[in-house]
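Note sheet for the following structure.
The values are calculated or read from the model by the stated rules, or taken from the named source; none is laboratory data. Note that the structure is a prediction, hence the values are computed from the model and not measured. Here the Cβ is made from the backbone with ideal geometry for all residues, glycine too, and neighbour counts use every protein chain on show. For the accessible areas, the whole protein counts, side chains as well, though only heavy atoms, and no ligand, DNA or RNA atoms are used. Shrake-Rupley method; radii C 1.70, N 1.55, O 1.52, S 1.80 Å.
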Amino acid sequence: MATWQQAIQRVQTGWRVMPRAQQVSLLMLAIVFIGGWLWLAPRTSSESWTPLFDGTTLSNDDINRIEIALAQSNIVKFRNQDQMVLVLPTDRARCLQALAELGALPTSIQSILDKPPASDPFATREDRRALMQFNRKNRIRNMLADLPFVDQVRVELDQTAPQSVYQKPTTTC
């Protein structure tokens, strides 16, 4: 008990001898340290979940397709709550990439991605080529979707470079 009293007495005498500017700077340093610790402590104590699609409510079919795709991609930390899929913030980019690769994006988002590029009278040759390719993909997708035994259709076109100057590039689906 005596050692504690001696230690406290030494700190008090050191504080009294210390110049006022040094006292203020030590108090500010202590406040910043304690404030930083209090600000960071709750963030590391528990897992936080973030919506995969920024709070968009999803249909049951979309949720099932997303859960299957995430399981196929070996992503196990996700949950379904209030018609939304929640993931860890650190895994969000990886989840979105896996869904895009497996074609499991929700229908509302897929329809946004499927909109054609804007037509412009001053469009470049590359822009017109992209619009033609988009229309070609839609025609192929619509033809395949009309078949009675097809449930889902996803069309991707692959264009190979020509082997010589006289050949045209070949496009496969």
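Remarks
- All positions within the range 120-129 that are loosely packed, with under 11 Cβ neighbours inside 10 Å and assigned to a helix (DSSP H, G or I): Arg125, Glu126
- For the range 67-93, the set of residues classified as of a type in the set (A, V, I, L, M), assigned to a helix (DSSP H, G or I) and either modelled with pLDDT of 85 or more or on the phi > 0 side of the Ramachandran plot (or both) consists of Ile68, Ala69, Leu70, Ala71, listed by residue number.
- Total residues in the range 137-152 satisfying the condition of being aliphatic (A, V, I, L, M) and either touching a Phe, Trp or Tyr at 6+ places or on another chain (Cβ under 6 Å) or outside any loop (DSSP other than H, G, I, E, B) (or both): the figure is 4.
- Applying the condition of being over 12 Å from Leu70 (Cα atoms) and either in a helix (DSSP H, G or I) or under 10 Å from the mean Cα position of the chain (by Cα) (or both) to the range 94-119 and asking which residue is modelled with the highest pLDDT yields Thr107.
- Count of the range 79-98 residues which are open to solvent by 50 Å² or more (accessible area, probe 1.4 Å) and farther than 14 Å from Asp54 by Cβ: 6
- The range 130-173, subset more than 22 Å from Glu101 (Cα to Cα) and surrounded by 12 or more Cβ atoms within 10 Å (Cβ to Cβ), residue modelled with the highest pLDDT: Met143
- Taking the conditions (1) closer than 30 Å to Pro106 by Cβ; (2) surrounded by 10 or more Cβ atoms within 10 Å (Cβ to Cβ); (3) at pLDDT below 85 in turn, Gly55 satisfies each one other than (2).
- Matching residues, the range 19-43, being open to solvent by less than 100 Å² (accessible area, probe 1.4 Å) and over 30 Å from Pro89 (Cβ atoms): Pro19, Ala21, Gln22, Gln23, Val24, Ser25, Leu26, Leu27, Ala30
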